[in-house]
Structures are given as C-alpha cells and as structure tokens.
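The structure appears right after this line, and notes come after that.
The values are calculated or read from the model by the stated rules, or taken from the named source; none is laboratory data. Not measured: the values here are computed from a predicted model. Because the Cβ atoms are built from the backbone with ideal geometry, glycine has one as well, and the counts that use them run over all protein chains shown. For accessibility, only protein heavy atoms count, side chains too; no ligands or nucleic acids. Shrake-Rupley method; radii C 1.70, N 1.55, O 1.52, S 1.80 Å.
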Amino acid sequence: MAGSESTGPLRRFAEELDVAVFAVGFTIATAAVLAFVLRPEAASTLMAGANDVLWTAAGWWYLAAMFILVAFVGFLIFGPWGNIKLGDDDERPEFAFPAYFAMLYSAGIAAGIVFWGPAEAVFHYDAVSPFVDAESQSSGAAVSAIQYTFFHWGVSAWTAYVVMALPIAYFAYRYDAPLRISTVIAPWVGLENLDGPLAKSIDVLAVFATIGGVATTLGLVGSQFLVGIEWTTGASVGDAGTVAVITGLTVAFTVSVALGVRKGIRRLSYFNMGLFVLVTVATFLLGPTTQIMSMGTQALGAYINDFITMSFYTGSGAAGGSGVAEWVGDWTIFYWAWWFSWTPFVGLFIARISRGRTVRQVAVTGVIASTGITVPWFATMGGTAIFLQDSGRADILAVVGELGEAGSGYPLFEALPLGGILTVLFLVLVTTFLITSADSSTLALGMLTTGGVEEPSTINRVIWGFLIGALASLLMVTGGVDALQQAAIITGGPFSIIALLAVISMIAAFGARRPLFLREEDELSIGSSDLETSSADPDPETVDPSDD
C-alpha cells in the first residue's frame, strides 16, 4: 500500500491514514492556528495563564522526572541490558555510524543549539542564576553562565529522547510492532491491542506535543533566520511577511524530502554537521581562544560537580521565593518541558534509524556523544559572547534588547576577524537546521498519523508542514519568544508521564529478556502471545551499511 509505485498520491494518502489520530491532531493544530488569527490576545492570555500554573505548581515534577530518566539511561549504559539488540541478534545497523550520528544530532536539539548558543550564556552573565552566589557581569557570573548552558543542553536534554526511542525500536524491530509512540505500552496491552482507545489516545497526545514542541523550535530558529536577513540586507519583512516566509519555507522543505530518509535527511545532516563543526572551530581559533578554554574548563568541572544539586534546584524559599522560582521557570523548567515536548518526534525518529544497534550504542550515541559535541559549541559561543561583551568590542546585550534573542549571533561574528564570512556561514547554518527540523518533524507526524508507516506520503507531510509553519509564525508575531516558551511548557508536561511509562516498559521488556535477579532459565514472559511468537522469529531484514 504505502510502498506501491502504482498507487496515486491521493489514494495512497487516504489508504495509509490513521483517521482517528490524524483527524484529532489536524483539528487541534487548525484550531490553534485559527485562535491566533481570530483572537490573538485571548489566545495568548489563555496560554500564558496555563503556562504560569504549570511551571509554578508542577515545576518540581519536571525536575524529578528528568533526573529519573538520566539515572535510568546511566544504568542502561553501564548495566547488563546495554547489549540487547534492537532487532535480530545477527542484524547489522541500517546506517553506518557517521550517518547515524549526523541524523540523530540534526534531528535532536541542534536547531535550538544554534539559536541559543550565542545568546544564553550572555543572558546568564547579566542576570545571574540564583543558584550561584555571584554579582552580575563578574568573573564568577561568567563561569556559572557557561555552566548553566552545559546543564540545560547536556546530558539531561538528550536523555529524554533516548528513553522514548529505545522501547519503540525494540518492539518494532524485534516483535514487528508499529513505529509509533503507543508501542511503549505493548508489554501490558499486547500488540493486538495497539489499535485500541488507550493506544490511540497516546498517539493523539504525541501529535499534540510534537506540534507544540516543533512549532516552538521552528519559531525560534525562524526568527533567527529573519533577523539574519534583516541584519545582512537591511530589509524587514514585517508580520505578514513573517507568516508567509516561515510557512512557505516549511512547506518547501517538506516537499523536498520526498527523497526520503536515506537520500534527503541523511545528506542534509552530513552538510549540517560539517558546517556546524566549521563554524565552531573557526570561532574558537579566531575568537578569544585562551578565555574560551579557561572558562569552559572551569564551567565543565562545575557542571559535573554540581549536576545532582542543579537537577533538583527549584529556588524555593530563597530571595523571597518568587524571583528565584521565576528564574528557574523561565529557564530550566522551560527547557525540560521543551525536551519532553520533543520526545515523541525525536524519539520516533531515533527509533526509525536505530535498527540493528544495541541499547548501549543508542544510549551512548544519543547522550554521551551528543553532549560531547554540544559542550564545545556552548563553551566557544558563550565564552566568545561574554568576552566581547565584557571587553566592549560588541554590545551583544544591546542588540538583544533591540532585536531579541535571535539577534545575538550576528554582532558576535561581525566582531571577529573574517566576520562577514562567519556571519554568512552562521545564517546558512540557521537555514539548514531549519530545513532539517521541518523535514524530520513532518516525517514523525506522518508516521504518527499513519499507524507507523516508515515513509508517509508527501501529501501527509505537506499538510503538517503547512500547519506547523503557520502556527510557529503566528506565535512569533503575536507573542514572540515568550509565547513559544509557553507553548513548549504546556505541550511538554503530559509527555513527562509518557516518558516514565517508557522506562517502566523497558524494565518489563528488558527484564524479561535478561533478568537481573533470576537465572536465565527462569525468564519471565511479558505482553501478549504475539510478543512471545515474534520473539522466536524476529524480522531478519537487514540493510548493508555500505549502502550509505
């Protein structure tokens, strides 16, 4: 059906559709777009109120849930379940490691990394975290600023995606379960009941969370793209232009991925990573190299040393309570909610490309390797921004005050040697990550709304590209970054619960396959008869990595 070349595009779209999930998701997305078109002030007020309730009353939950995920992934990396294969025991990985890592990183938080890399550290340098006893724009504030960027974008950020990806990939490639979020409940309901009401509800929730999380990212990176155009050309597009440009780009990028994962997203991810490394290395060498190394090294040590305390820090009771809690809500709670809102999309995409790998390989690549390349970026961008601000060579905070967070990177690069070239390269990097985010997010939404089809129809993906692009641009116009952050916190909350369900699912499935406290001959049975039958005859299909 989905793979038939003779099937027309409209017929294929209709035949592969999961009507219930698509209809509810489409209705929610359309309603959100119409609300911001017809009643922008009322919609913004309602969203802000819901956001305030979540981060003030439930902020502790986001922190606790994320730390549980980090601890569990640590166990997977170092424990006996790390050798479990996502597929047949003799199956080889579908993608060679360079392609696998490039796609995983590009589909993850890389777009947000480009946006916040030049901006976040200088923000914390000016408005210091209450966790740190330091004066604004002091040397202590500089180190703590970079430390917090490591914390927000490091191990914790990547963990949520891996937790969601692993059980989906395990059940899909070992038991032929569908590639969708509801697959995480297979141990309890059985494969034959993954089309039931509970599974449908989880998939609808996944569509809802993905729409909010991806709209947030496309809005942030899209604003950076538009500011870059204004910065380099002097031309401003206005509100109507913002909606037209972001929506049009998203749809155009979506159409471009008709080539699929292997030819489309994989090649673009290679380009992304090459340009990402080039910009990082060039900034490191042309910028204040000694200061970057000094501040970055000290910040990394502080991050490792304070990780557990930072993970549970709410600011409750300090400095009158309200101001401290507000800082944590604006930054840490927002980020944790943002990562949770991205778990269905990124988790599903990682599962899609992880066939043939072990649990440990996915966990190490997704958490350790990804953090390993993220830390140098934030050390370089953050250290450079703070140095330029402190030395007076570039007033980045003034530009941010005028153009918003999206404008932070352009004065940074212009203040360096070869600044014009670096500025253009940075704008290209912003554009390519915007493309990758649009491509992989519409792929995930297509999979969610077709019952797990690995290559959904182009029509399906264009529909989602249009709706997400329109919502992202409208959020930018009506509320800016604040509105985008609120959307992420609201949509991410429910998926913190689903992420913990994924942990329990892995404990049940992996524990039955490789018990921690029982002899091998005492293995437990999980799930339905379908699981037991399929385990004896896993899908033998493999793809030679050399095809990459």
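One table, with the values for the structure above:
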| quantity | calculated |
| --- | --- |
| For the chain, the spread of Cα positions along each principal axis, largest first, Å | 68, 53, 48 |
| log₁₀ of I(q)/I(0) at q = 0.14 Å⁻¹ - the stretch 1-122, Debye sum with one point per alpha carbon | -1.30 |
| Helix 458-513 vs. the chain, principal-axis angle (Cα, 0 to 90°, nearest 10) | 50 degrees |
| Calculated [θ] (222 nm, deg cm²/dmol) that DSSP helices of n ≥ 4 give over the chain, each run adding -39,500 (n - 2.57) | -24000 deg cm²/dmol |
| Shape category assigned to the stretch 297-438 from the gyration tensor of Cα positions, a/c cut at 1.5 | oblate |
| Modelled FRET efficiency - R0 45 Å, S236 with A23, Cβ distances, 0.05 increments | 0.70 |
| Rounded to the nearest 20 debye, dipole of the stretch 1-146 from Cβ charges on Lys, Arg, Asp, Glu | 240 debye |
| Accessible area of the chain divided out per residue, in Å², using a probe of 1.4 angstrom | 36 Å² |
| Percent accessible area from carbon and sulfur atoms, the chain, protein chains only, probe 1.4 Å | 63 percent |
| Y270 paired with S138, simple spin-label distance in nm, labels 7 Å along Cα-to-beta-carbon | 5.1 nm |
| Estimated dipole of the chain in Debye, rounded to 20 [Cβ of Lys and Arg +1, of Asp and Glu -1, Cα centre] | 380 debye |
| Global form of the stretch 57-125, assessed from the alpha-carbon gyration tensor, a/c cut-off 1.5 | oblate |
| Cα long-axis angle, helix 370-391 against the chain (0 to 90 degrees, to the nearest 10) | 10 degrees |
